[in-house]
Amino acid sequence: MRRFELVLPENVEDCVKALAQGGAEAKLLAGGTDLLPQMKNGLLKPARVIDLSGIARLRAIEPGNGQGIRIGSAVTARMLELDRAVRAHYLSLAESGALVGSVQVRNLATLGGNLCNAAPSADMAPPLLALDAEAVITGPKGERRVPIAAFFTGVRRTVLAPEELLVELAVPNPGPRSGGNYLRHTPRRELDIAVVGVASQLSLANGVCTKARIALAAVAPVPLRATAAEQALEGQAVTPDRIARAADLAVEAARPIGDQRGSADFRRHLVRVLTRRTLTTALARASA
Amino acid sequence: MAKHLLSCTVNDEPVEVLVQPWDTLLDALRERIGLTGPKEGCGTGDCGACTVHFDGKPIASCLLLAMQARGHNVRTIEGLGRPGALHPLQDAFVRHGVPQCGFCIPGVLMAAAALLTENPRPTQEEIRYGIAGNLCRCTGYTKMLAAITEAAGATAGRRS
């Protein structure tokens, strides 16, 4: 690895100062599972690396203001996979954590790293989109909140300015009559990258869908919601026919490319299949 | 650029050692502390040969900077058992003749030991999932599964 200066802040304020001083030459280090391989192969050559592992606030999962949960950006995939509160109310997010890498990688890889690397295939993005999460960002000018749907601006690009830090994700509680599911397709079962990922979340009242969310990964430059498919379900009883119709509409929202992991047509096929499956599971969980 | 002083616990012993900012934990263990049990296979977290326990949890030590271990507990294969008092997994690996070239074995043992700590009676599926992050280029997985299954029976029985 190329030489760099290592900064070890113990709180968010010192971290933001170190970022401001480092400018574009600084990189934040969370789990290292994306950053270190890119530094080892010379793709990234930061002059300054700022380690987030000493900042306790970033590793906390805590009740949010009112209902909901706050998940620190340096919470690991393994913590999401196992945390009781996350599993109880935000199961699709726990499922996405369980799919990342191997256990050795999941104990390092972080939620914030997955989001800030902003790969179109980021597994943790669709569940957060489907849960209407907000990104809490801090910088020299103070704190701001950005809906996760507006967080991604392009392939490997986000709304974060160079001197800003993603502190946590604020996720509203979807309520007791709500269920979610995240599924992805990969040729290998472990240590692979999603060809397509789909998260669905359904909320019910008196047998009618009050809120539907369907979010897609790896079918566009950024993770995105299939809003027409959502609207086709809201205000109705969720039946197999309506799920099939929503899956067709989700395909129309996808703008996939073809690459070594799958052709554009295969990706559209996967969107239809995974949307149907995740909606079916989300419905069963919401009804349970 | 100045070296950093790394203070942590390795195999139950306090360790203080000077490291470069760009040293990984694996670099520090092998080259500065002299523990060569963890191996560098890929250096990118894909092969699991560098697996150590970090506060009891298995991690890829090639993906952690050494200084990120400050204040933490690290355990390597050298601290899992010792000659004459092998960990039940090591004992089972010897009796089943699991190692072929042996390069992956320290990592596999650390992954399996972490699995059995969290889940003393894993199913075959859970064992496979637990060592999914460890590649064996000799493809000696069948004997690994047999040895881990046997050790799981022994350790679970002993604890209950």
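Under 1.5 on a/c is rounded, so check that first for segment B:88-159, then, if it is not, pick prolate when a/b is larger than b/c and oblate when it is not; a ≥ b ≥ c are the square roots of the alpha carbon gyration tensor eigenvalues.
Prolate.
Viscosity 1.567 mPa s, temperature 4 °C: give me the Stokes-Einstein translational D for chain B in µm²/s, with Rh taken as the Kirkwood radius over C-alpha pairs.
81 µm²/s
For the pair B:THR139 and A:ASN11, what calculated FRET efficiency results from E = 1/(1 + (r/R0)^6), where r is the Cβ-Cβ distance and R0 = 51 Å, to the nearest 0.05?
My answer for the efficiency is 0.60.
Can you check what the net charge comes to around B:GLY107, using other residues whose Cβ is under 11 Å from the Cβ of B:GLY107 (Lys, Arg +1; Asp, Glu -1)?
0
Return the tail of the calculated pair distribution for chain A, meaning the percent of Cα-Cα pairs more than 23 Å apart.
Cα-Cα pairs of chain A separated by over 23 Å account for 53 percent.
Just checking the output field for A:4-16: average partner chain Cβ neighbours within 10 Å of each residue's Cβ?
2
What does segment A:5-51 give for Rg and for Dmax, in Å, if only its C-alpha atoms count?
For segment A:5-51, the Cα radius of gyration and maximum Cα-Cα distance read 10.5, 31 Å.
Looking at chain A as a GNM with Cα springs under 10 Å, which of A:PRO37, A:PRO174, A:PRO162 has the largest mean-square fluctuation?
Judging by the Gaussian network model, the answer is A:PRO37.
Packing-wise, with mean Cβ within 10 Å as the measure, how do B:82-88, A:93-99, A:191-197 rank, highest first?
Peptide ranking by packing, descending: A:93-99, A:191-197, B:82-88.
With the radius of gyration and the Kirkwood radius both derived from the Cα set of segment A:56-171, what is their ratio Rg to Rh?
0.93
Please give, to one decimal in nm, the separation of the simple spin-label points placed at A:GLN38 and A:ARG3, each 7 Å out from Cα toward the Cβ.
Once both label points are built, they end up 2.4 nm from each other.
Note down the net charge around A:GLY22, summing +1 for each Lys or Arg and -1 for each Asp or Glu among other residues with Cβ under 9 Å from its Cβ.
Summing Lys and Arg as +1 and Asp and Glu as -1 gives -1.
Quick one: length gained pulling A:THR227 to A:ARG84 fully straight, 0.36 nm per residue minus the C-alpha distance?
Result for the pair: 48.5 nm of gain on full extension.
Over all residues in B:37-47, what is the mean tally of Cβ atoms on other chains that come within 10 Å of each residue's Cβ?
Across the residues of B:37-47, the mean count of other-chain Cβ atoms within 10 Å is 3.
What FRET efficiency comes out for B:PHE103 versus A:ALA24 if R0 is 35 angstrom and r is the Cβ-Cβ distance? Round to the nearest 0.05.
So, using R0 = 35 Å, E works out to roughly 0.30.
Using a cut-off of 12 Å between beta-carbons, work out the net charge of the residues near A:ILE71 (Lys and Arg +1, Asp and Glu -1, A:ILE71 not included).
-1
To the nearest 10 degrees, how steeply does helix A:264-287 sit against the main Cα axis of chain A, on a 0 to 90 scale?
80 degrees
Taken together, the values in this text are just the output of simple stated rules run on the coordinates, not laboratory data. These figures come from a predicted structure and were not determined experimentally. Backbone-built Cβ (ideal geometry, glycine too); neighbour counts: all protein chains shown.
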